[in-house]
1. Would you confirm whether any residue within region 71-85 is in contact (Cβ under 8 Å) with a residue 12 or more places away in the chain, part of a loop (DSSP other than H, G, I, E, B) and crowded, with 18+ Cβ neighbours inside 10 Å?
2. Would a scan of region 449-467 turn up a residue that is polar (S, T, N, Q) and either outside any strand (DSSP E or B) or under 20 Å from Lys399 (Cβ atoms) (or both)?
3. May I ask you to say which residue of Asp360, Asp403, Asp409 is on the phi < 0 side of the Ramachandran plot and touching a Ser or Thr at 6+ places or on another chain (Cβ under 7 Å)?
4. Please state which one of Ala300, Ala220, Ala306, Ala287 is touching a strand residue (DSSP E or B) at 6+ places or on another chain (Cβ under 7 Å), of a type in the set (Gly, Ala, Ser) and over 26 Å from Trp562 (Cα atoms).
5. Among the residues of region 223-248, write down those that are closer than 23 Å to Asp372 by Cβ and out of contact with any strand residue (DSSP E or B) (no Cβ under 6 Å at 6 or more places or on another chain).
6. Residues that are closer than 25 Å to Glu37 by Cα, outside any strand (DSSP E or B), not assigned by TED's automatic domain parsing to the domain that holds Gly271 and not hydrophobic (A, V, I, L, M, F, W, C): does region 91-112 have at least one?
7. Taking region 147-189 on its own, how many of its residues are among the hydrophobic types (A, V, I, L, M, F, W, C) and touching a His at 6+ places or on another chain (Cβ under 9 Å)?
8. Which of the residues that make up region 442-461 are crowded, with 21+ Cβ neighbours inside 10 Å, under 27 Å from Val325 (Cα atoms) and in contact (Cβ under 8 Å) with a residue 40 or more places away in the chain?
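The values are calculated or read from the model by the stated rules, or taken from the named source; none is laboratory data. Because the structure is predicted, anything quoted here is derived from the model rather than measured. Note that each Cβ is placed from the backbone with ideal geometry, even for glycine, and that neighbours are counted across all protein chains shown.
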Amino acid sequence: MEFDGEELNEKLVQTPIVNAQLMPVPSSFNDINEGVEFRDHYGWMWYERTVTVPKSLLSQRLVLRLDAVTHQGKVYINGKFVTQHRGGFTPFEAEINEFIIEGKNRITVAVCNIIDESTLPVGGVYVGQRKDGSTFKIVNPNMDFFNYAGINRSVRIYTTPKNYISDVTIKTDIANSDATVRYDIETNGNEHCTVTIYDEEGVQVAEGSGQSGTLMIKDAKLWQPLNAYLYSMVIKYGDDEYTEQFGIRTVEVKDGQFLINGKPFYFKGFGKHEDNHISGRGLNIPAYVKDINLMKWIGANSMRTAHYPYSEEFLRLCDREGIVVIDECAAVGLHFNLSDSFGIWRPGVNTWQHIKTHNDHQNAIRELIRRDKNHPCVVMWSISNEAAETTEGAYEYFKPMFDLARKLDNTRPLTNVSLAGSVSSNNLVAPLVDVVCLNRYYGWYTQQGDLITAQIELEKEIDGWVEKYPEKPIIFAEYGADSINGIHDTTPVMFTEEFQRDFIAAYSESFDKYKNIVGEHVWNFADFYAVQGIKRVQGNRKGVFTRERKPKIAAHWLKSRWENIPDFEYKK
């Protein structure tokens, strides 16, 4: 049901819900029912259910947590407003004791999937008028993926004592065979706090007290790519107890290399979407496990959360399986001249004079780092994807974003993923990044089908980056070509599986010539649903796996390449 979100409280009190649609949570609502109006609904809707709270819980602190409401949520309990949140990919929560009663309680979440020039991602809507005077609207998401929305991740009520642990920050360092573990614990009071660290076998390896301190682990086992080892920190504070898993590893950018545990690391993997048939962007743990197993099968060791933070469950899986992650904000679409095939297109308009995302972007950085700072799999923060980096005002917009991220976390490098055409000579944001990340499609969107000329242009651009920024490592964060599975030809042409394979092979040949290129992330891991357009055949088909996770020819080619490239010390 569509409504004005500001009026929801009054409607809840006065109007019972009728003809409600059964809706699974978590999931995106778009593909659960049939019809354009359902799939493409753009506006407010609400979810509601009744929960029973026993009297025994009312003496404790009750918290309602929502892991992802896309893109805006307002929460009501028994008709009373509780909290609200902007941003569709990070969690929010609130204490709810004053709203909860013993027995049955009605929980309502108003959800809005509208995106505009102030939100992340960026988008807009065109409103037109028909001859009969009626109006219509066309949604313009400024992004090349479908605007899946709803309550995409878990909703839970949990309890804590009245005095509780609210957060912990863990930072590790390595000295010879030993490790230091620095911890800072946030609580709501000053009760006695103890910290105990256990290894994977449950053996205690360190202990301390106080809400901050440094502990030593002798003969520490390191968290390594595809060879994970996780310790557990058990924190006791009064009657509260919390366990945080962490890994011991270091990350550093030095002399054009990306170092993990002091050794040059080479990124092999993908840009990837949370995208699955029926559930859309909704939490799908079996799919996560399948995808990680396919990544290991193909020889990948890393991925980027393009173009938003993924679920905490997925990151915990990457921690456990040793998959290296570049963690990205939902700052996609910060470019008003991006394309005429989807999104906002305003030739000649200066993005940075009109964009209104400053507040949401800074808040997204805060929430991303606060949520994911203890994951050993996360080795770098990505501040945005394909922004207008060549336009006057780009540096002034991004400088505060990078400063904030560095203030919040001084242990990881930062990047901004750059759009084609944003080269070393005109990229105004490049001085801020620690690692140059490039999205490039020579031979696809330009030099269409001509891989010989594409390679020439590709290497010409790489030469410029290496010359201007010899100290910065380079990762190709996106490169790839669409292929329709099952379409073949003896002479590779665009959209065949053979052309996709040859496209990737040509780029790989160029990558191997440059020491500063420390990673290759193919776009994309799997086909995914996208905004309709003449370039999109039921979605974006650049996956080396189909949307159903079946391999194309390119997947087998990459497997043979990546299994012969070591994780460390490549390109000595």
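1. Within region 71-85, one or more residues are in contact (Cβ under 8 Å) with a residue 12 or more places away in the chain, part of a loop (DSSP other than H, G, I, E, B) and crowded, with 18+ Cβ neighbours inside 10 Å.
2. Keep residues of region 449-467 that are polar (S, T, N, Q), which gives 453, 455.
Now narrow it down to the ones that are either outside any strand (DSSP E or B) or under 20 Å from Lys399 (Cβ atoms) (or both): 453, 455.
The answer is yes, given that some residue of region 449-467 is polar (S, T, N, Q) and either outside any strand (DSSP E or B) or under 20 Å from Lys399 (Cβ atoms) (or both).
3. Asp360 is the lone residue from the list that is on the phi < 0 side of the Ramachandran plot and touching a Ser or Thr at 6+ places or on another chain (Cβ under 7 Å).
4. Ala220
5. Within region 223-248, Trp223, Gln224, Leu226, Asn227, Ala228, Tyr229, Glu241, Gly247 meet the criteria.
6. For region 91-112, residues closer than 25 Å to Glu37 by Cα, outside any strand (DSSP E or B), not assigned by TED's automatic domain parsing to the domain that holds Gly271 and not hydrophobic (A, V, I, L, M, F, W, C): absent.
7. Of the residues in region 147-189, 1 are among the hydrophobic types (A, V, I, L, M, F, W, C) and touching a His at 6+ places or on another chain (Cβ under 9 Å).
8. Trp444, Leu458
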